[in-house]
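Working notes, structure below.
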Amino acid sequence: MNFIDYYAGNFFRRVFGKRTKDIQYRSALKRILKRGVWVSTPQKEDALRVIGIQMRFDLKNGFPIITERDILSIAAKGGLTGAHAAIAEIIAFINGARTNSELKKFGCNWWGRWTKKEYMEYCGLDLEEGDLGPGSYGPAFHDFPTAEGIPFNQVKHVIEQINELPILRTHMISTWIPQYAGRGEGKQRKTVVATCHGTVVHFLVDVQRKEISLHHVQRSGDMPVGVVWNLIQYSALLLMVAKVTGYKPKEIIHTISDAHIYKRQIDDVRELLKTRIGSFPDLVITNKSVKDIFDFRPEDFSVIGYKPMAGRRKICTPT
């Protein structure tokens with residue numbers, strides 16, 4: 001992360017009370033293009049990689065929805081667009097959705113390619129068609145395996161703990177189930193895709209100021225495509241947790257362990273970097289009656305004040 005970019009923007013907002021145009025995402029792309037190292041990937045396509053990129057977003061300056069192109073008008077399969085498509089996925093996951101059909105009930109309709117029989121056979125997965133596996137996001141959030149054999153609902157636990165003991169530093173969730181994600185000799189993989197985002201989700205409460213922040217540590221981040229949607233998803237998750245616990249959302253800190261740009265994306269990223277940027281919009285919960293985090297739905301959210309710039313969009317579509 002470029003700390004000068006972040007703290008200079010913070011100073012400007014405190015002094016003048018105006019939103020600044022956040023360039024952290026753009027700076028991260030430039031850093032990868034300039035300092036990234038070419039590496040082989042499991043996708044069999046080389047990528048430029050930087051290990052350890054962090055961005056910090058003060059929500060007084062808006063929510064991190066990039067404006068380099070109009071990503072919110074992009075329709076995902078099934079009709080949902082932009083923010084609602086991204087939010088549909090995270091809501092499905094925190095509710096434990098494990099199969100393609102369960103995901104579709106929440107409006108998340110793009111996991112079909114990873115749950116086809118042909119893909120399962122190619123990867124050597126012993127799963128039924130349509131099943132993301134017990135090591136996927138939904139089971140991790142909602143039904144984490146335990147030594148006692150009783151599934152552990154991490155989301156429910158964190159909400160309860162924040163309400164009861166907010167001063168603790170252990171309000172954490174992980175989507176990484178190592179025994180189901182491992183590969184190699186003698187190991188049986190049990191997830192169609194090794195979980196990339198949500199690897200560690202840490203909520204930090206400031207009891208005195210009644211504020212809550214989120215530090216999201218992401219294992220692997222496709223910067224031009226996946227990360228722009230992950231920023232929306234975890235912004236929404238912070239809003240949901242803040243709403244049901246009674247705190248004000250303050251800051252999102254996003255750390256990406258393996259931040260990369262694939263070779264086929266290089267030209268598009270260079271073009272993206274030629275576009276102008278606008279100020280971040282607001283992401284708000286419009287349904288004020290929701291009190292249980294598992295009752296939220298994509299239509300309960302709205303993006304206000306989004307003014308995207310011109311630019312190509314094809315590398316920012318959900319895959």
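Observations on the structure shown:
- Dipole in debye (nearest 20) - the chain, about Cα centre, beta carbon charges: Lys, Arg +1; Asp, Glu -1: 1380 debye
- For the chain, the relative contact order comes to 24 percent (Cα pairs under 8 Å, sequence separation of at least 6).
- Eligible lysines near Lys250 by straight Cα distance, threshold 30 Å, same-chain separation 8 or greater: Lys18, Lys21, Lys30, Lys60, Lys156, Lys210, Lys288, Lys291, Lys307
- Residue order, fewest to most beta carbons within 10 Å, for Tyr247, Tyr262: Tyr262, Tyr247
- Projecting the Cα positions of Pro178, Phe296, Trp38 onto the charge dipole of the chain (unit charges on Cβ atoms of Lys, Arg, Asp and Glu, taken about the Cα centre) puts Trp38 furthest along the positive direction.
- Of His202, Ala259, Ile159, farthest towards positive along the dipole that unit charges on Lys, Arg, Asp, Glu beta carbons give region 3-316: Ala259
- ³J(HN,Hα) computed for each position of region 135-148 - Karplus, 6.51 cos²θ - 1.76 cosθ + 1.60, integer Hz, glycine/proline x: x, 8, 4, x, x, 5, 5, 10, 9, 4, x, 10, 5, 7
- Rel. contact order, % - alpha carbon contacts under 8 angstrom, at least six apart, region 167-209: 52 percent
- Database remark: amide H of Phe301 closer than 5 angstrom to the amide H of Thr286 (H placed geometrically; neighbours at sequence offset of 5 or more, or on other chains; Pro and chain starts carry no H).
- Most fluctuating residue given options Lys263, Lys21, Lys291, as computed from a GNM of the chain linking Cα atoms under 10 Å: Lys263
- Arranged from fewest to most other beta-carbon atoms within 10 Å of their beta carbon, His197, His142 become His142, His197.
- Fewest-first ranking of Thr175, Thr195, using other Cβ atoms within 10 Å as the exposure measure: Thr195, Thr175
- DSSP-defined beta bridges in the chain - what % are antiparallel, rounded to 5: 75 percent
- Under Karplus coefficients 6.51, -1.76 and 1.60, residue-wise ³J(HN,Hα) of region 158-168 in Hz, glycine/proline x: 5, 4, 4, 5, 4, 5, 8, 9, x, 6, 5
- Here the relative contact order of region 115-272, from alpha carbon pairs under 8 Å that lie six or more residues apart, stands at 19 percent.
- Read-out Rg/Rh (Cα atoms, Kirkwood Rh), derived from the coordinates shown; its label in [x] 0.95; [y] 0.98; [z] 1.02: [x]
- Computed from backbone phi with θ = phi - 60° and the Karplus coefficients 6.51, -1.76 and 1.60, the 3J(HN,Hα) list for region 44-49 is 6, 9, 5, 9, 7, 10 Hz; x is used for glycine and proline.
Read-outs throughout are calculated quantities, based only on the coordinates presented, and are distinct from any laboratory measurement. Just so we're clear, the structure is a prediction, and the values are computed from it rather than from any experiment. With ideal geometry, Cβ positions are generated from the backbone for all residues, glycine too; neighbour counts draw on all protein chains shown.
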